[in-house]
Amino acid sequence: MKNTMLTLIAVLLLLMLTVPALSIRQKEGESGSPDPAASKDVPIVKSDYFRVLDTATDKVEKIPEWDYIWGVVAAEMGYTYSTEALKAQTVAAYTLAVRARSIAISNKEKYDLTNDYSKHQAYMTAAAAKSKWGDSFAERQKKIEDAVNEVKGLVITYKDEPIFAAYHAISGGKTESAKTVWGGDYPYLQPVESVGDLMAEGYLTTVKYTPEVFAERAKALELSLKPADAAKFVSQPARSDSGTVTSYTLGGKKFTGAQMRTAFGLRSANFDLNFADGELVFTVRGYGHGVGMSQRGAEYMAQQGSTYKEILGWYYKGCEVEEYGELEE
């Protein structure tokens, strides 16, 4: 185990030596579901707030831009992450948000984003953070605020257009392409090594079901399985190069890894299924869809001395960082 760990660290350090930094074009003196604008240009829309739908109340609130971004970073990463990782998260979150806002306004929609992390981004108000963090609120709030302020106004662009800055918690050791997960291809959302994730807490998880409970969960896939046939539920899945299950045969039908993930409550679609000791056991790698920046990978890179520019440059290939205010409308 010790030799394996040393090998992983050596590989990651080698990768760090070749990380392409994003070029910064600014004046002297700045994720969920599939992108709805995968195949068309996104207009540049300027505003000083975001219209956010609270899915619990079904109400839309206009939240000042940087109050919203602070709340996203607080909810998506929190105070335990290194400053450079927080800065990378800030730029990715702002990029995703301004792109979503531009699309929504262009399409005359009633809101820009929701607070549902499975669709857009998680969001936490300062009041909620204060209630959660208690006496430590001031210190933790300032750490996140300082990181946000250092990169305020910056967005990641590809050909002068804000990108679909997808991100996730933990990859399976290599990030996934958007095409594999959602069908839409992006030149900047391609697989990259993220071996620091292999050492992240929560990288490997297991989910166990009795044959009876497994058959019950399978009803979500419109399958009627017999618990007595549990051994036959195990099959060899088709996978992407990054490990995501692209096709799994269950009950004589084929399902995507994403469908299996939802039906059986898995942390990712990168999994194995085995039958042992009378139970069906999923072994799951990573957490999230695996596309774009890995948050744990970003943290590991930050701990190794990488800057936020290097982190973003590693996960979003061929992109630049620009001041959003300087992009032409």
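Computed from the coordinates by the stated procedures, all read-outs in this text should not be read as laboratory data. In this text the structure is predicted, and so the values were computed from the model without any measurement. Using ideal geometry, Cβ is built from the backbone for each residue, glycine included, and neighbour counts are taken over all protein chains shown.
Largest first and in whole Å, the equivalent-ellipsoid semi-axes of the range 164-210 read 24, 15, 8, each the square root of five times a Cα gyration tensor eigenvalue.
Per the Debye formula on identical point scatterers at the alpha carbon atoms of the range 122-167, with no solvent, log10 I(q)/I(0) at q = 0.27, 0.29 Å⁻¹ is -0.99, -1.04. For the chain, the alpha carbon convex hull comes to 161 Å³ per residue, rounded to a whole number.
For the range 58-108, what log10 I(q)/I(0) values come out of the Debye formula at q = 0.12, 0.16, 0.17, 0.20 1/Å, with one point per alpha carbon and no solvent? So the normalised log intensities are -0.31, -0.52, -0.57, -0.74.
Peptides 174-180, 148-154, 126-132, ordered by how many other C-beta atoms sit within 10 Å of their residues on average, highest first, read 174-180, 148-154, 126-132. Residues whose amide H falls under 5 Å from that of F50, counting only those 5 or more places apart or on a different chain, are I63, E65, with hydrogens built in the peptide plane. If the chain linking A56 and D146 were pulled fully straight, counting 0.36 nm for each residue of separation and taking away their Cα-Cα distance, it would gain 29.4 nm. Over the C-alpha trace of the range 253-329, radius of gyration and Dmax come out as 18.6, 62 angstrom.
Look at where the Cα atoms of the range 243-281 and of the range 90-124 average out, and the two centres are 31 Å apart.
Close amide-amide hydrogen proximity is noted between K174 and S194, each under 5 Å apart and 5 or more residues distant or on a separate chain (H modeled in the peptide plane; Pro and chain starts excluded). Only helices enter the 222 nm calculation for the chain: every DSSP H run of n ≥ 4 contributes -39,500 (n - 2.57), and dividing by all residues gives -10000 deg cm²/dmol, rounded to 500.
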